[in-house]
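Written below as structure tokens is the structure these notes are about.
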Amino acid sequence: MPEDTLLDIQDLHLQFKTFDGTAKVLAGVNLSMRRGDVLGLVGETGCGKTMTALSVARLIPMPPGEITRGRVLFNGEDVLLKSDDEMQQFRARHLGMIFQDPVTNLNPLFSIREQLMDAVLYRQEINGRAAARWRGFMPSVRQKRREAFARVVDLMRLVGIPEAERRIHEYPHQFSGGMRQRVLIAMALAGDPDLLIADEPTTALDVTIQAQILRLIRQLVDQLHLTVLLITHNLGVVARTCERVAVMYAGRVVEEAPVAELFRNPQHPYTQGLIKALPGKHTARGELQNIPGTIPNLNDPPPGCRFHPRCAQVMDVCRREVPGMVTIGPDHHVYCHLHSETP
Amino acid sequence: MTNGSPLLEVRHLKKYFPIRGGFLNRRVGDLKAVDDVSFSVPRGKTLGLVGESGSGKTTAGKCVIRLIEPTAGEIYFDGVDLMTLSDREMRRRRLDMQMIYQSPAASLNGRMTIGQIIAEPLWIHERLRGRQAKERVMELLHVVGLKDEHYYRYPHEFSGGQQQRVGIARALAVNPRLLVLDEPTSALDVSVQAQVLNLLQRLQDEFELTFLFISHDLGVVRHMCDDVALMYMGVIVEVADFETIFEEPKHPYTQALISAIPEIDPAASREEIVLQGELSARQPVQGCPFAPRCPANKLDICETIRPELVEIQEGHQVACHLYPAP
Amino acid sequence: MVEQSESPVQSQYTLASARWENFRRGVYRFRRNMLSMVGLGILVVIIIVAVIAPIIVPYPGDATGDVHPLDRLQAPSSEHYFGTDKVGRDIFSRVLMGTGLALQVGTVIILLAAGIGVTIGGVGGYFGGWIDDILMRFTDIFLTVPALILAIAITAALGRGIINTMIGIALVWWPGFARLTRSLVLSLREEPFVEAARGLGANHARILFRHILPNAVSPIIVKMSTDFGFAVLTAAALGFIGLGAQPPTPEWGAMINDGRAYFPDEWWVATFPGMAIFLLVFSLNLLGDGLRDVLDPRARR
């Protein structure tokens, strides 16, 4: 493993107990990110992309969820072994998260200032425990608040909110969708996170606003050397924002490659299907390629490769064995029997 | 497709919603959701009505079939002005025009089985029930690619794509001629979206349907539509056939919107125009509604006079002062 | 291109099996809620008791007019499990015999109140405008007068007796249902499936009764089950002040009233009917919470 690996998910298995049985939501997810990576995690509804991210933050309710196997190494430490208290601190110190819906993630009863101050002060408190001991005294509450306020205004400027000093006293309903998403990004950045997890950050926004937010994320990456895990179902968003892509299908990563390589030279049949299904300039009337069938029932997933019932190039071995990772180019990995040496 | 006149022609359509406030909830102003919009859809063709949220495209679509009562305007459907019809006549006329909704789950009554949902229009209009109705429903299920055994299921047991197929089957039950499709695939995954789009085009050919296709996704619009009308804050800013719109967009808003489509084609590295600001809730009282965000070199009159939609080429209309009438 | 259907094939699917499947899911969710199960358990026992009371109680005649002055005010014993009252009637027999009456009273009141309330609230919420204004102001008038006092006034005006009590209570009970139904209808009216029905040419009655109200039914049923207990309680209160069932009908409220004079020395006279009321109200409240889950086919978990 290279030394600058920040996040390394190994063979992660997650299941949920429901009335219909046990849903094997994640079945051996492998994913690693280096510092400074901007990785797009793409896949369709129910493929487990959000669940993977929530597992890293340990935000999955257990029960009914249960991680049955695997490790999530963050800076070499296994996140899954931490106690709940440690996890709380870990999240505050190392993780920043933004979600799809900028409306429900802000409390309408508090001003933007109060909500951002809370985020900053909480992070300061957690990070400040060691610092205060080192300095030998606790800074007065007022000074702390003053520092926090300055930081909040800085954050608002950083995420491109005009007239930060004035708008900070406003309430969420006075902000538009795009501006709210910026506030949430500011909140996520409050603790100088090592890893920013962005779960469908632009899905609820209009295209022109989406373009603004994506550009902001790119700027922040350059400015703050952020590591970003961008979860989306939109391949175009990935193409515009990320350096690497991992494609997930039914609880497993099926292909991983640099962005340009993946779109130029997709190797997994599912990735190929996904790209061809996009309506574009050259698609003919009524003849959009589609992937036949539907995503499998995770309570009773197909054996072997989970994509085999929908795959046009299915072989016998696909029905029996889970495909392992095959490296077919620099940084280009695919999990498919078509590419293993002994098909 | 017997004659050349368009199936649907909308002239000067307006829908104002009152803004209430102040003492005793008085009407203090109007939200001009649709402000003097005109367009027409030829028989068997697809017109794309494109815009961002708040542009008034959905309101316009619902006004056309009078699911929302327009404030003013003329809507000619097959030569008849719908605005002159009584409620009773309109109810019968509605059979010719049906709507497909954005959220397939919410547009189906969760307390009814699929069979009951699709059979409902048959009962309302033809008093069909029992065996006859069931046979027709089964037929419709097959037409949209569903199976017999789906008849007795409830909507929540279906995936989004299947729910949308049910919505389509219900709309087809009355043999409509016009379908108003309100973002029919925006809630679906790409591979399912492809299935539904293919289905829609197949049905269009098979049943000679005319589509009013409302969407914010220009990629889908490019694939689906013959003509495209772009809306911004309740007005149409540009109309042309889809090739012209995508190859030679004229209005600065159209240009920005097209550049904002996230494309995956690595070769298509275009210049990206990122618009400043956002759609505000109210239009400027005068001038071009797009002026506050316009990245182009603005003229003085942009702030003071609202540009009219003018034809700059055969079939290509733009509402922008940069393109004065020839 | 051939259209592919998306679903795994499941044959032998019928309407009955679809309903049964939904019901089973509901029961599963219901059973995961311990308290609802307790509520249901108590209620089932109460209903069984109500049905078989005339057979199992030791002195059935005590509920219909027998008196035994010599045995008055005896403490609970193996002969009289709950003791006896001021005229020597066996309280155990009377409490059990009163169960059926209490259930009937609750059922009638709730059905009547829900019927009036759902109609008024549904119509007001659906049509809106001046119809809504008139109906809701009418509802407000009922809400401004304290319910119990109004019920007492109406019952007193109609004359004593159990039937008049039920009418009186139902007439003050419906505004709650009207308000609830109206709020549900107001939000459901904006749902796309309602608009779709309108687009298909459905008339008002069809939209209201086929599309809107079926989707409003679970909160209403939940309210019916929780209100049931309170309705019984209110009927008991009216019985307590002498407006309800007339002697010798074994009505719990009236029995508590009888026992009032002998409290606390002869505590059993009032306590056992009181506990019966408590048990019934309690079980229905627990049940109401659990019902919410069973009734909604969309809530999957």
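Since every read-out is calculated from the coordinates, none of them should be taken as a lab result. Keep in mind that what you see is a predicted model, and the values were worked out from it rather than measured. For neighbour counting, all protein chains shown are included, and Cβ atoms are generated from backbone atoms with ideal geometry for every residue, glycine included.
Mind checking which aspartates and glutamates have their C-alpha under 15 Å from B:Lys15, skipping anything on the same chain fewer than 8 residues away?
The qualifying aspartates and glutamates are B:Asp30, B:Asp35, B:Asp36, B:Glu69, B:Glu74.
Counting only DSSP beta bridges with both residues in the protein assembly as shown, what percent are antiparallel, rounded to the nearest 5?
Antiparallel: roughly 65 percent of the beta bridges in the protein assembly as shown.
For chain B, find the longest principal axis of its Cα atoms and tell me its angle to the long axis of helix B:160-172, 0 to 90°, nearest 10.
Once rounded, the angle reads 80 degrees.
Hey, rough spin-label estimate for A:Arg320 and A:Gln88, points 7 angstrom out along Cα→Cβ, what's it come to in nanometres?
It works out to 5.2 nm between the two label points.
Spelling out what I want: for every residue of segment C:127-142, take phi, set θ = phi - 60°, compute 6.51 cos²θ - 1.76 cosθ + 1.60 (Karplus), and round to whole Hz; glycine and proline get x.
Ordered by residue, 3J(HN,Hα) equals 7, x, x, 5, 4, 4, 4, 5, 4, 6, 5, 4, 4, 4, 4, 5 Hz.
Hey, in the GNM for chain B with a 10 angstrom Cα cutoff, which one of B:Leu218, B:Leu49, B:Leu203 fluctuates hardest?
B:Leu203
Mind listing the phi-derived Karplus ³J(HN,Hα) values for segment A:62-79, rounded to whole Hz, using 6.51, -1.76 and 1.60 with θ = phi - 60°, and x for any glycine or proline?
Karplus-based 3J(HN,Hα) across segment A:62-79 equals 10, x, x, x, 7, 8, 9, 7, x, 9, 10, 8, 10, 6, x, 9, 7, 4 Hz.
For chain C, what relative contact order do you get, as a whole percent, if you take Cα pairs closer than 8 Å and at least 6 residues apart?
26 percent
Give me the percent relative contact order of chain B, please, defined on Cα pairs under 8 angstrom at least 6 residues apart.
This gives 19 percent for chain B.
By count of other Cβ within 10 Å, fewest leading, how are A:Phe110, C:Phe82, A:Phe99 ordered?
Lowest count first: A:Phe110, A:Phe99, C:Phe82.
Using 1/(1 + (r/R0)^6) with R0 = 30 angstrom and r between the beta carbons of C:Tyr28 and A:Glu77, what's the FRET efficiency to the nearest 0.05?
Efficiency, from the Cβ-Cβ distance: 0.15.
So for the pair A:Asp192, B:Asp148, with labels modelled 7 Å out along Cα→Cβ, what separation do we get in nm?
About 6.9 nm separates the two model spin labels.
Once the dipole of segment C:50-299 is set up with Lys and Arg at +1 and Asp and Glu at -1 on Cβ about the Cα centre, which of C:Ile167, C:Phe240, C:Thr119 lies farthest towards its positive end?
Most positive-ward Cα: C:Thr119.
Students often get this wrong, so check it: of A:Lys49/A:Lys276; B:Lys14/B:Lys250; A:Lys24/C:Lys223; A:Lys276/B:Lys45, which have C-alpha atoms separated by over 29 Å?
The answer is A:Lys24/C:Lys223.
Hey, fewest Cβ within 10 Å first, where do C:Trp267, C:Trp130, C:Trp252, C:Trp173 land in order?
In increasing order of surrounding Cβ atoms, one gets C:Trp130, C:Trp267, C:Trp173, C:Trp252.
Work the Kirkwood hydrodynamic radius out for segment C:50-299: mean of 1/r over every pair of different alpha-carbon atoms, inverted, in Å.
By the Kirkwood definition, the hydrodynamic radius is 19.9 Å.
Less than 18 Å from a label point 7 Å out along the Cα-to-Cβ axis of C:Phe138: which backbone N atoms in segment C:82-116 qualify, by residue?
It comes to C:112-116, nothing else.
Under a point spin-label approximation (7 Å from Cα along Cα-to-Cβ), what is the C:Ile48-C:Trp130 distance to one decimal in nm?
That separation, rounded to one decimal, is 5.9 nm.
Need one value for B:169-180: mean number of C-beta atoms belonging to other chains within 10 Å of its residues' C-beta atoms.
The shielding value for this peptide is 1.
Scan around B:Ile19 for amide H atoms under 5 Å from its own, H built in the peptide plane at 1.01 Å from N, and keep only partners 5 or more places away or cross-chain.
For B:Ile19, the qualifying residues are B:Val28, B:Gly29, B:Asp30, B:Leu31.
In whole angstrom, how far apart do the alpha carbon centroids of segment A:75-93 and segment B:47-126 sit?
53 Å
If you place +1 on the Cβ of every Lys and Arg and -1 on the Cβ of every Asp and Glu, how big does the dipole about the Cα centre of the protein assembly as shown come out, in debye to the nearest 20?
Charge dipole, the protein assembly as shown, about its Cα centre: 1700 debye, nearest 20.
Determine which lysines satisfy two conditions relative to B:Lys147: a Cα distance under 20 Å, and not lying fewer than 8 residues away in the same chain.
B:Lys134
What is segment C:178-301's relative contact order, in percent, from Cα pairs under 8 angstrom and six or more apart in sequence?
The normalised contact order for segment C:178-301 reaches 25 percent.
Step through the residues of segment A:263-271 one at a time and calculate ³J(HN,Hα) from phi using the Karplus curve (6.51 cos²θ - 1.76 cosθ + 1.60, θ = phi - 60°), rounding each to whole Hz and writing x for Gly and Pro.
Calculated HN-Hα couplings, in order: 6, 7, 9, x, 10, 7, x, 5, 4 Hz.
Can you tell me the 0 to 90 degree angle between the C-alpha axis of helix A:177-189 and the longest principal axis of chain A, rounded to 10?
Between the helix axis and the principal axis of chain A, the angle is about 80 degrees.
Can you tell which of A:Gln212, A:Gln181, A:Gln223 shows the greatest fluctuation in a Gaussian network model of chain A with Cα springs below 10 Å?
Judging by the Gaussian network model, the answer is A:Gln223.
Calculate the FRET efficiency for B:Gln132 and C:Trp20 from the Cβ-Cβ distance with a Förster distance of 35 Å, rounded to the nearest 0.05.
For R0 = 35 Å, the calculated efficiency reads 0.85.
Specify the residue with the greatest mean-square fluctuation among B:Ala173, B:Ala194, B:Ala240, computed from a Gaussian network of chain B linking alpha-carbon atoms under 10 Å apart.
B:Ala194
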